[in-house]
Amino acid sequence: SGARVVVVGGGFGGATAAKYLKRYDPSLDVTLIDSQATHFTCPFSNTVLVGMNDMSYIERKFDKLTSMHGVKVFTDMVTAIDPATKVVKTAGGKTFEYDRLIVSPGIDFKWNAIEGYDAAAAEIMPHAWKAGPQTVLLKKQLEAMPNGGLVVIAPPGNPFRCPPGPYERASLIAGYLKKHKPKSKLLILDAKDAFAKDKLFKEGWEKMYDDIIEWVPAAKNGKVTKVNAKDGTVETDFEKYKPAVANIIPPQTAGQIAITAGLTDKSGFCPVDPNTFESTLAKNVYVIGDAAIAGDMPKSGYSASSQAKVCAAAIVATLKGEKPLPLSAINTCYSLVAADYGISVAAVFAVKDGKISSIPGSGGVSPMGANYQFRKKEADFATGWYQSICQDSWA
Ligand code: FAD
């Protein structure tokens, strides 16, 4: 059809969408815009923090999207979207016209939702919830802390990017402390009373990190309400801590451009048609990935890539004047409790009563009480999953 499709963001959602648009209809004119020249993936960034992999392991380049799939790629920050005139504007002064627009900008942070935690505080108490310089900062702090120091991880309430992510991070950091700084402790100060795969994580922690990790739920005064980056303190309603390393993961919204463009509702995320991901607030604009409200689908890289394929197919169908197929989507999330100890959760999704819902009996979590060989195999699957999804999205 030769129609112009612009994609904002080259992460799991955007890169996959751009590639699959060209696969489904090579005649499309597809342009991908990312503010960064390369994308550092959050998946496997926890392994970088503890020295299992280096930064190059999680770095994804965009050149194959161009050379192998014919996607035009620009490094620039999108600053405005006008659905009325179908135009995207960038910080570099460029203007892109589109027939269809896909927005996959990931998340941004609600600064000061935790008192004192703003962008400047994040340079001292890293969130490391976007991979890149924040990953390097947190890694350096872990390396520099004394044996016997305290690490605090403060996960937010729901919804947020990667529900099991903070607990995988706690596990791998505990493994690092056990090996390199065995007198140290790790405190998870949680804004929730339950979390993804919690029984499986706790089973692993009891086996390996019983004297290192302590998880404090919201009901036991775990929720961090205030930080002071200058004096290094972290506070809940009734306690004050002075950790050697504070990893504060604040509450989140859709990426700023989605807010600026008027694509978010009062939840801070973007309402979409559950079968096509077209915004319910702007015609011909589609939102996928962490920024979208996707019912039961967790905010994961796998969800974003699965949504990208559904969305690309829906766009190709509607451009041809055909009716898009009903949504069918999948997610699997592997987490490493140690390098040789993996756990997972999987689900298949369909639209039910106007909402993306997990199909009962379609997935589930790995079993409790599994033996070493089983956990080791799941850890191997985690690596295999990562390599194959990166190949699928960027190569
Ligand atoms: P992103 O992948 O974040 O991509 C957004 C892109 O948009 C970025 O490249 C950004 O530079 C660009 N961008 C944003 N705004 C603009 C703008 N205005 N102009 C131009 N470009 C812009 N998921 C899994 O499935 N499995 C895992 O094991 C897993 N582990 C994780 C571990 C951690 C520690 C974390 C934090 C997350 C993990 N996730 C995992 C979740 C996963 O990272 C996200 O769900 C996924 O990245 C969402 O994809 P996205 O396309 O929505 O956003």
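All alpha carbon pair distances within segment 67-168 were sorted into 10 Å bins beginning at 0; the resulting P(r) in whole percents reads 11, 30, 28, 22, 8, 2.
Net charge around residue 19, counting only other residues with Cβ within less than 11 Å of its Cβ (Lys, Arg = +1; Asp, Glu = -1)? Result for the neighbourhood of residue 19: +3. Pair-distance distribution of segment 1-69: all C-alpha pairs, bin width 10 Å, starting at 0; shares per bin in whole percent are 20, 44, 24, 10, 2. Magnitude of the charge dipole for segment 32-104, about its Cα centre and with charges confined to Cβ atoms of Lys, Arg (+1) and Asp, Glu (-1), is about 140 debye. Note on segment 225-281: Rg/Rh from C-alpha atoms, Kirkwood Rh, equals 1.24. Across segment 184-308, Cα pairs under 8 Å and at least six residues apart give a relative contact order of 14 percent. The distance from the alpha carbon centre of segment 219-239 to that of segment 130-158 is 16 Å, rounded to a whole number. Overall shape: oblate for segment 1-128, with the ratio a/c of the largest to smallest alpha carbon gyration tensor axis at 1.5 or above and b/c at least equal to a/b. Checking the a/c ratio against 1.5 first, then a/b against b/c, what shape does the Cα gyration tensor give for segment 120-178? The shape class here is oblate. Can you give the net charge of the other residues whose Cβ lies under 12 Å from the Cβ of residue 218, counting K and R as +1 and D and E as -1? Residues near residue 218 contribute 0 overall. Can you tell me the orientation of helix 301-319 relative to the chain, as the angle in degrees between its alpha-carbon axis and the longest Cα principal axis, to the nearest 10? Between the helix axis and the principal axis of the chain, the angle is about 10 degrees. Assuming a ≥ b ≥ c are the square roots of the Cα gyration tensor eigenvalues, decide whether segment 311-395 counts as rounded (a/c under 1.5), prolate (otherwise, with a/b larger than b/c) or oblate. In terms of gyration-tensor shape, oblate. Relative protection proxy for 81-92, 130-141, 42-53, from highest mean packing down: 42-53, 130-141, 81-92 (other beta-carbon atoms within 10 angstrom).
Near residue 175, once Lys and Arg are set to +1 and Asp and Glu to -1 for all other residues with Cβ below 12 Å from its Cβ, the sum equals +3.
Axis of helix 12-24 versus longest Cα principal axis of the chain: the two differ by about 30°, to the nearest ten degrees.
Reducing segment 32-48 and segment 277-300 to their Cα centroids gives an inter-centroid distance of 20 Å. Between the Cα long axis of helix 198-208 and the first principal axis of the chain there is an angle of about 40°, rounded to the nearest 10. Evaluate the distance, in nm, between pseudo-label points positioned 7 Å from the Cα of residue 242 and of residue 66 along their respective Cα→Cβ axes. Simple spin-label model gives 5.2 nm for this pair. By the rule of a C-alpha distance below 27 Å, with chain neighbours fewer than 8 residues away ignored, the lysines paired with residue 94 are 19, 22, 61, 64, 72, 86, 130, 283.
Here the chain carries DSSP beta bridges of which approximately 55% are antiparallel, counting only pairs with both residues inside. Each helix, a run of at least 4 DSSP H residues, gives -39500 (n - 2.57); summed and divided by the residues of the chain, these come to -8500 deg cm²/dmol at 222 nm. Here segment 265-361 is assigned +1 on the Cβ of each Lys and Arg and -1 on the Cβ of each Asp and Glu. Its dipole about the Cα centre then comes out at about 220 debye.
Just need the relative contact order of the chain here, percent rounded to a whole number, with Cα pairs under 8 Å and 6+ apart.
Relative contact order, the chain: 18 percent.
Each value in this text was obtained by applying a stated rule to the coordinates, not by laboratory testing. Since this is a predicted model, take the numbers as computed values, not measurements. Note that each Cβ is placed from the backbone with ideal geometry, even for glycine, and that neighbours are counted across all protein chains shown.
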